[in-house]
Amino acid sequence: MSIKRNRVLYYVLFCLLISCNTNRYAKTNKLYKAQLKELTEEIKRPLPYPTAPLITTYDSSGTAILSEDTHRQRDAHWVGAVHFNLRKPNYVIIHHTAQDSLEQTLHTFTVPHTQVSAHYVIGHNGEVYQMLNDYLRGWHAGAGKWGSMTDVNSVSLGIELDNNGNEPFSESQIYSLLSLLDTLKTRYNIPTANFLAHSDIAPTRKNDPSALFPWKKLAERGFGLWPDEVLMTPPENFNPVDALRIIGYDTSNLKAAIIAFKRRYIQNDLTPELTVYDQSVLYSLYLKY
Ligand SMILES: [Zn+2]
């Protein structure tokens, strides 16, 4: 077969593949649009007061009279401000899918019973699928805590990496992730320290991304902090539990918090204790917060 014919054949196959994909998700893409329409309607409505506010009036003797606000009809007390825009995501949470294929993940995020989603899914070969507009609240973080923040979904973007949890992350996948992070960091002005692992914010429930994830490489590009090359011995009064908490970890289950910390910064040892070396890594990081 000639090279030209080969090319035509590949092109036809490629088009078929694209149209298959488009058709497969046509129904859920429609659902996405319908839900978006509902949210648009919701955002158009000012929220009513939960209870009737009290207002103060004065009688002729100057005595204050407290009464329910009789003018609390929405129209009377609705004054739309004219300066606003959309809330922006301020964190990025990185996950591994723990599934066997990208196709399986796309399926999981588009069937009703799973109740999970992410903004982006990146395949082994580096292809990036966007599943939610960045301004929408995805359902990827679940119950979790970082510092005093408890509703991680409301302030973050979720990125899922197609990976079964036991395999290394491919070069193409990390390359695509880095360029996506570059765009997101610039677009939303996301602070360097706010690129987190799912296991950072939910250490008792989650272990993703695995210890094979190249956090150092990310930190070199400005996504997440990293300890100094030359580590100092922490002072005698250094309190590692306080340090973990100041960084953001929920230390109510200390062992889980230590493992999450080590999965990210130590990686070759996930025992729930902090060795002398681990403590100097923690101290170095703590000084950056
Ligand atoms: Zn996750």
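Quick look at the values:
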| item | result |
| --- | --- |
| Global geometry of the chain, whether rounded, prolate or oblate, following the gyration tensor of its Cα atoms and the 1.5 cut on a/c | oblate |
| Summed side-chain charge close to GLU167 - residues other than GLU167 whose Cβ falls under 14 Å, Lys, Arg +1, Asp, Glu -1 | -4 |
| Order of LEU157, LEU36 - criterion: other Cβ atoms within 10 Å of each residue's Cβ, fewest first | LEU36, LEU157 |
| Shape of region 85-215, Cα gyration tensor, a/c cut at 1.5 | rounded |
| Neighbour-count order for HIS77, HIS119, fewest beta carbons within 10 angstrom listed first | HIS77, HIS119 |
| Residue order, fewest to most beta carbons within 10 Å, for ASP200, ASP151, ASP59 | ASP59, ASP151, ASP200 |
| Burial ranking of peptide ranges 247-254, 98-105 (average Cβ count within 10 Å, highest at the top) | 247-254, 98-105 |
| Shape of region 167-241, Cα gyration tensor, a/c cut at 1.5 | prolate |
| Positive-pole candidate from VAL276, ASN23, GLY62, dipole of the chain, charges at beta carbon | ASN23 |
| The chain - percent relative contact order, Cα under 8 Å, separation 6 or more | 15 percent |
| Neighbour count of at most 11 Cβ within 10 Å plus DSSP loop: longest trypsin sites (Lys or Arg not before Pro)-free window in the chain | 88-289 |
| Restraint check, LYS185/LYS217; LYS30/LYS206; LYS145/LYS255; LYS33/LYS88; LYS217/LYS288, Cα-Cα greater than 27 Å | LYS30/LYS206 |
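Where a number appears in this text, it was derived from the coordinates with a stated rule and is not lab data. On a predicted model such as this, the values are computed, not experimentally measured, just so you know. Note that we place each Cβ from the backbone using ideal geometry, even for glycine, and neighbour counts take in every protein chain shown.
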